[in-house]
Every structure is written in C-alpha cells, then in structure tokens.
Amino acid sequence: HHPRQLHVDGEQRPNVSHFMPDIHELFGKKVVIVGAKNSAAEAVVRLARINRRLTVVHRGAGFEPERVKPWLLPEIRSLIADGRVDFYPHTDVKEIADKTLLLRNQANREETSIPYDRLLLLTGYDQHPS
C-alpha cells in the first residue's frame with residue numbers, strides 16, 4: 001500500500017511522516033496530525049497521554065462513528081472539548097514549511113499558520129494493484 005499524498009509543497013520534509021513513528025520519538029514535541037479516521041484517532045489517543053502539545057487538522061467535520069472505532073470516539077471528543085487537543089475541522093493543508101504549517105479554512109478561506117515539530121499525515125493508503 002502507498003500512503004495517500006496531499007500533494008502540497010513540503011510534504012517530503014524529514015519531520016513529516018505518513019506513518020506513526022515510535023511514540024517515544026514524539027515525547028515533548030509539538031505534533032500535528034492530519035486526518036480523522038482510525039489511524040489518526042489511535043494516534044490522538046496515544047499521544048494525548050504523553051504530550052500536551054497536540055493539534056488535529058481535518059478536511060471534514062470531525063471524527064465520525066462510521067470511520068472510527070467506537071471506543072476511541074468518547075475519549076477523542078473529550079480531549080477536544082477539554083482543550084487538550086486543538087482541532088481544526090473543515091480545514092485544508094495549504095503548505096508545509098520547515099516548522100510551520102499553513103492551513104486554509106474551507107468556509108471563510110482564512111489562512112492560519114501553526115507551529116509544529118513533527119507532522120503526521122495519517123490520511124490513509126491507496127492499495128497497490130497486484
């Protein structure tokens with residue numbers, strides 16, 4: 001399988017990954033996760049336990065029950081509601097710079113720049129035809 005690419009500038013930077021690395025590599029880092037399906041949901045739950053600097057960006061409305069394991073949803077929603085995880089719904093990644101991520105809100109087209117140390121693009125995979 002091949003990770004789904006965002007096709008934005010900076011996607012191939014060394015601090016950007018399409019896979020969840022060893023969790024210890026992310027301790028104390030400002031981590032941004034792009035995505036809101038199972039891989040992203042599991043990463044949010046695991047990282048929120050060791051890291052207070054976590055942001056999630058999703059082009060949709062949020063974590064949907066039909067796309068995420070049901071036992072993860074209450075914890076994720078609680079983390080977002082409590083402000084322990086910053087959440088940017090209806091938001092696209094416009095550009096990936098060395099330590100900043102440029103986002104664009106789909107509704108008002110407003111652009112926001114947020115800092116990161118590690119960027120996890122957990123956006124799914126395209127199956128390799130056999």
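The values are calculated or read from the model by the stated rules, or taken from the named source; none is laboratory data. Computed from a predicted model, the values in this text were never measured in an experiment. Note that each Cβ is placed from the backbone with ideal geometry, even for glycine, and that neighbours are counted across all protein chains shown. Areas reflect the complete protein model, heavy atoms only, side chains present, ligands, DNA and RNA absent. Shrake-Rupley method; radii C 1.70, N 1.55, O 1.52, S 1.80 Å.
Hey, could you grab the Kirkwood Rh for the chain? Inverse mean 1/r over distinct alpha carbon pairs, Å, one decimal.
Numbers: mean 1/r = 0.0673 Å⁻¹.
Every distinct Cα pair counted, the radius reaches 14.9 Å.
For the chain, a crude dipole built from +1 on the beta carbon of Lys and Arg and -1 on the beta carbon of Asp and Glu, taken about the Cα centre, is about 280 debye to the nearest 20.
May I ask you to give the solvent-accessible area per residue for the chain, in square angstrom, as obtained with a 1.4 angstrom probe? Present the calculation step by step, with values, prior to reporting the outcome.
Working: 7520 Å² over 130 residues.
In whole numbers, the chain has 58 Å² accessible per residue.
Residues whose amide H lies under 5 Å from that of Tyr125, counting only those 5 or more places away or on a different chain, are Arg4; hydrogens are built 1.01 Å from N in the peptide plane. Candidates Ala41, Asn108, Leu120 compared by Cα position along the dipole of region 4-126: farthest toward the positive end lies Ala41, with charges placed on Cβ.
Summing charges over all other residues whose Cβ lies under 14 Å from the Cβ of Val31, with Lys and Arg as +1 and Asp and Glu as -1, gives +4. Between amide H atoms placed 1.01 Å from N, distances below 5 Å from Glu95 occur with Leu102, all of them 5 or more places distant or on a separate chain.
What is the antiparallel percent of DSSP beta bridges lying wholly in region 32-113, to the nearest 5? Provide the component values of the computation, followed by the final result.
Details: 8 of 14 bridges.
Antiparallel: roughly 55 percent of the beta bridges in region 32-113.
Given a 1.4 angstrom probe, I'd like the percentage of the accessible area of the chain that is carbon and sulfur, rounded to a whole number. The value for the chain is 50 percent carbon and sulfur by accessible area.
About its Cα centre, region 26-80 has a charge dipole of approximately 280 debye under the convention of +1 per Lys or Arg Cβ and -1 per Asp or Glu Cβ, with nothing else charged.
Scalar couplings 3J(HN,Hα) for region 46-52, obtained by applying the Karplus form with A = 6.51, B = -1.76, C = 1.60 to θ = phi - 60°, are 5, 6, 5, 6, 10, 9, 8 Hz; x denotes Gly and Pro.
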